[in-house]
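Visitor: Structure incoming, see below.
Please treat every number below as a calculation from the coordinates, not as lab data. Small disclaimer: the values here were computed from a predicted structure and weren't measured. All Cβ positions, even for glycine, are placed from backbone atoms using ideal geometry, and neighbour counts span all protein chains on display.
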Amino acid sequence: MVFQAIEDYLETLGHSGRACLLRAICETNEQPLDYHGLAGEMLQLLFSVSRSPYAEETLPDHLAAETAGREGATGKEGATCVRYHSDCPFSLFSSVSDNKRRRAAAGLVPEENNLYTGAARTERNGV
């Protein structure tokens with residue numbers, strides 16, 4: 001029921017609902033959602049299809065997407081989420097993987113602009 005609602009919502013955004021949901025399931029299991037707080041943990045839980053005792057019977061495609069993601073995360077040859085890209089060009093990670101906390105943790109934000117280390121921010125435009 002939840003997956004159907006997500007598929008319907010993605011359809012209203014102009015995406016292929018089922019294909020994009022499968023891609024999201026795969027990618028969420030391929031890349032951990034570190035630095036995304038509670039929202040990341042909730043997505044990780046939601047997209048862990050194998051936790052359902054009925055997944056094999058009722059959600060075989062979703063389970064296959066999760067399995068592909070988990071195998072891709074371990075570096076298994078040929079196991080990646082690329083197979084879902086052709087049916088869904090939209091990635092959940094295109095909007096969340098470049099968040100400020102992740103960049104700050106990776107040291108990609110200049111210290112003066114890093115709100116997460118407690119450093120003072122510099123004024124913009126020389127003001």
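Visitor: Could the peptides 34-45, 65-76 be put in order, highest first, of the mean number of other beta-carbon atoms found within 10 Å of their residues?
Guide: In descending order of packing, they fall as 65-76, 34-45.
Visitor: Quick check: from the Cα gyration tensor, does the stretch 10-56 come out rounded (a/c under 1.5), prolate or oblate?
Guide: Note, shape of the stretch 10-56 comes out oblate.
Visitor: Sticking with this one: For the residue pair L13 and S52, what label-to-label distance in nm results when each label sits 7 Å from Cα along the Cα-to-beta-carbon direction?
Guide: Taking the simple label geometry, L13 and S52 are separated by 2.0 nm.
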